[in-house]
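The values are calculated or read from the model by the stated rules, or taken from the named source; none is laboratory data. For clarity, every value in this text was computed on a predicted model and none was experimentally measured. Cβ atoms come from the backbone with ideal geometry, glycine included; neighbour counts cover every protein chain shown. Protein only, heavy atoms only, side chains kept; ligands, DNA and RNA dropped before computing areas. Shrake-Rupley method; radii C 1.70, N 1.55, O 1.52, S 1.80 Å.
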Amino acid sequence: MKRTRVVDLIDAESKDFDVLARGWVRTRRESKDFSFIEINDGSCMRNLQVVVPAGIEGYDEMPRITTGASVEVSGRLVASPGEGQKNEVQAQRISLIGIADPDSFPLQKKRHSFEFLREIAHLRPRTNTFGAVFRVRNVLSYAIHTFFQEKGFVYVHTPVITGSDCEGAGEMFRVTTLDMNKVPMAEGGVDYSRDFFGTQSGLTVSGQLEGEMLSMALGDIYTFGPTFRAENSNTTRHLSEFWMVEPEMAFATLEDDYALAEEFLKYTFSYTLQHAAEDMEFFNTRIKKGIIDTLQHIMESPFEVMEYTEAVKLLSASGENFEYPVEWGSDLQTEHERWLTEKKCKKPVVVINYPKDIKAFYMKRNDDDTTVRAMDVLVPGVGEIIGGSEREDRLQFLEDRMKEMGLNPEEYWWYLDLRRYGSAPHAGFGLGFERTVQFVTGMQNIRDVIPFPRTPGNARF
Ligand code: 4AD
Ligand code: MG
């Protein structure tokens, strides 16, 4: 008999045919002559009801067919007389595939806290919430690829191991094969010439610099891959390993950049509402009431575009009692970002033209000499979801800025070559993928939207 998925059986229009269904037992109920079990195989949120008449083949296994056990059922798919489901399976044979001892299986019927479930990250995908999170994560990934592919962007793969710290924030994890107990020393410190790559290297914090090189040949490109940051931030929005989507466009300006960001976000939200409707309904009723309306509202209204200087003025005049002071020249904190998008504008806000001193070396300087062509996209509940900029495409300006910021231009000779040979204006951004999943699902903590979160002090599973 053909392998079938639960989702196909639950919604099947034709009935009265033989089926073979497999899954994990979610609940079990007894009546006089029957047992009712509900099985789930992860193909959708709903469970398939199976009616097990007493005495059928395999019935003697029923005492061990408890919550969490895996089973195989063969029988007939029939219209369900009961409430709450269209179809059910009348079992003719049932067999236990794998037991789940009720004395030790941690996922019993009662609700567990997300904190507890993080401790059992190997089993939490079997809960309703995490099944839905990981299915939505999948649909969002596909939406992202579909958006860029339909627009002709070339998907490129940038390295995970690199020698350059794109953001210059000193948050790179080291990659080394040196013996930590006998580190070879040279004048001035560790002798990296004896390390595996012959130079100091680490895990990438962003694929942007490499992405720019491909963009300056292929035009419009994007990356979608893991990035790593060794920042000691124990917040609900930071991971040490996260996924980033980084498009880069040649012959493009900051205005093109935020236009792309807006079109991109709207497309992925709309795609997800369409293609993960059942899971989104769950988030809408169980996790964050009204999230579907919020997403729909965002899809319908233009984003607010605001100068950094204007944002600081509004924040200073807001009368809010912020924990961190607001002053021109310092970075916006999450509380400031959230006030702008949630209270002031009530929609996504693109803040542009930040002071150069709080942004990375590669951003294009404005004529005022103090700000750069940067943009951050802020959304309600999360704050910054996208960071991007037009890149400095003038060789001399870039070299000067690198020196000012203590970077050695010689180490970035290849990056400077792009400005030496056929330089062109170009722009791009980075979307934090987990923050996007967080926003779309309304999940509070970023650790609950990636299967196996890595955070300071935790790399389990
Ligand atoms: O603003 P960031 O640091 O920008 C860059 O890395 C640029 N090189 C991107 C580009 O222009 N190509 O990071 C981009 C986004 C942030 O807006 C945020 O959503 C996410 O990445 N992000 C994190 N997400 C989870 N955990 C962290 N520790 C993150 N750090 C940044
Ligand atoms: Mg940023």
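Filter the range 285-326 for residues that are more than 19 Å from Val349 (Cβ to Cβ) and in contact (Cβ under 8 Å) with a residue 40 or more places away in the chain and give the result.
Scanning the range 285-326 gives Arg286, Ile287, Lys288.
Based on this model, can you work out whether Val349 counts as touching a residue at least 40 places away in the same chain (Cβ under 8 Å), within 16 Å of ligand 1 (Cβ to nearest atom) and open to solvent by less than 30 Å² (accessible area, probe 1.4 Å)?
It is true that Val349 is touching a residue at least 40 places away in the same chain (Cβ under 8 Å), within 16 Å of ligand 1 (Cβ to nearest atom) and open to solvent by less than 30 Å² (accessible area, probe 1.4 Å).
Only one of (1) open to solvent by 20 Å² or more (accessible area, probe 1.4 Å); (2) within 15 Å of ligand 2 (Cβ to nearest atom); (3) outside any loop (DSSP other than H, G, I, E, B) is not met by Glu262, so which one is it?
All conditions are met except number (2).
From Asp279, Asp367, which residue is open to solvent by 80 Å² or more (accessible area, probe 1.4 Å) and on the phi < 0 side of the Ramachandran plot?
Of Asp279, Asp367, the one residue that is open to solvent by 80 Å² or more (accessible area, probe 1.4 Å) and on the phi < 0 side of the Ramachandran plot is Asp367.
Does Met244 satisfy the criteria of being open to solvent by less than 40 Å² (accessible area, probe 1.4 Å), in contact (Cβ under 8 Å) with a residue 40 or more places away in the chain and within 15 Å of ligand 2 (Cβ to nearest atom)?
The answer is yes for Met244.
Evaluate the following for Ala143: is it over 30 Å from Glu30 (Cα atoms) and under 32 Å from the mean Cα position of the chain (by Cα)?
Yes.
Conditions tested, residue by residue: (1) under 30 Å from Asn445 (Cα atoms); (2) exposed (fewer than 13 other Cβ atoms within 10 Å of the Cβ); (3) among the aliphatic types (A, V, I, L, M).
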| residue | (1), (2), (3) |
| --- | --- |
| Val71 | no, no, yes |
| Ser80 | no, no, no |
| His112 | yes, no, no |
| Ile120 | yes, no, yes |
| Val133 | yes, no, yes |
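Would you check if there is a residue in the range 435-453 being closer than 22 Å to Asp165 by Cβ, aliphatic (A, V, I, L, M) and within 15 Å of ligand 1 (Cβ to nearest atom)?
Scanning the range 435-453 turns up no residue that is closer than 22 Å to Asp165 by Cβ, aliphatic (A, V, I, L, M) and within 15 Å of ligand 1 (Cβ to nearest atom).
Being touching a Ser or Thr at 6+ places or on another chain (Cβ under 6 Å) and within 14 Å of ligand 2 (Cβ to nearest atom) narrows it down to one residue among Leu431, Leu378; which is it?
Going through Leu431, Leu378 in turn, just one is touching a Ser or Thr at 6+ places or on another chain (Cβ under 6 Å) and within 14 Å of ligand 2 (Cβ to nearest atom): Leu378.
Considering each of Lys151, Lys182 in turn, give the residue that is away from ligand 2 (no atom under 16 Å from the Cβ), free of Cβ contacts under 8 Å to residues at least 60 places away in the same chain, open to solvent by 30 Å² or more (accessible area, probe 1.4 Å) and basic (Lys, Arg).
Just one listed residue meets the conditions, Lys182.
For the range 49-69, how many residues are under 27 Å from Pro106 (Cα atoms), open to solvent by 20 Å² or more (accessible area, probe 1.4 Å) and of a type in the set (Val, Ile, Thr)?
2
I'd like the full set of residues that are in a loop (DSSP other than H, G, I, E, B) and either in contact with a strand residue (DSSP E or B) (Cβ under 6 Å, 6 or more places away or on another chain) or open to solvent by less than 10 Å² (accessible area, probe 1.4 Å) (or both), limited to the range 331-346.
Selection gives Cys345 alone.
With (1) at negative phi; (2) touching a residue at least 24 places away in the same chain (Cβ under 8 Å) as the list, and Gly381 as the residue in question, which single condition is left unmet?
Here Gly381 meets the rest and fails (1).
Is there a residue being farther than 22 Å from Met443 by Cβ, open to solvent by 60 Å² or more (accessible area, probe 1.4 Å), in contact (Cβ under 8 Å) with a residue 24 or more places away in the chain and away from ligand 1 (no atom under 12 Å from the Cβ) anywhere in the range 247-254?
Yes: one or more hits.
Is there a residue being within 16 Å of ligand 1 (Cβ to nearest atom), more than 29 Å from the chain's Cα centre (by Cα), farther than 25 Å from Leu295 by Cβ and surrounded by 17 or more Cβ atoms within 10 Å (Cβ to Cβ) anywhere in the range 381-399?
Scanning the range 381-399 turns up at least one residue that is within 16 Å of ligand 1 (Cβ to nearest atom), more than 29 Å from the chain's Cα centre (by Cα), farther than 25 Å from Leu295 by Cβ and surrounded by 17 or more Cβ atoms within 10 Å (Cβ to Cβ).
Which one of these does Gly422 not meet: (1) more than 14 Å from ligand 2 (Cβ to nearest atom); (2) within 30 Å of Gly131 (Cβ to Cβ); (3) of a type in the set (Gly, Ala, Ser)?
(2)
Select from the range 27-40 the residues that are open to solvent by 40 Å² or more (accessible area, probe 1.4 Å) and in contact (Cβ under 8 Å) with a residue 12 or more places away in the chain and write down the one among them that is nearest to the chain's Cα centre (by Cα).
Checking each candidate, the answer is Glu38.
Within the range 196-234, work out how many residues are of a type outside the set (A, V, I, L, M), out of contact with any Phe, Trp or Tyr (no Cβ under 6 Å at 6 or more places or on another chain) and open to solvent by 50 Å² or more (accessible area, probe 1.4 Å).
Result for the range 196-234: 4.
When you scan the range 352-380, how many residues do you find that are among the charged types (D, E, K, R), part of a loop (DSSP other than H, G, I, E, B) and near ligand 1 (Cβ under 10 Å from one of its atoms)?
1
State whether one or more residues within the range 394-406 are more than 16 Å from ligand 2 (Cβ to nearest atom), among the charged types (D, E, K, R) and outside any helix (DSSP H, G or I).
yes
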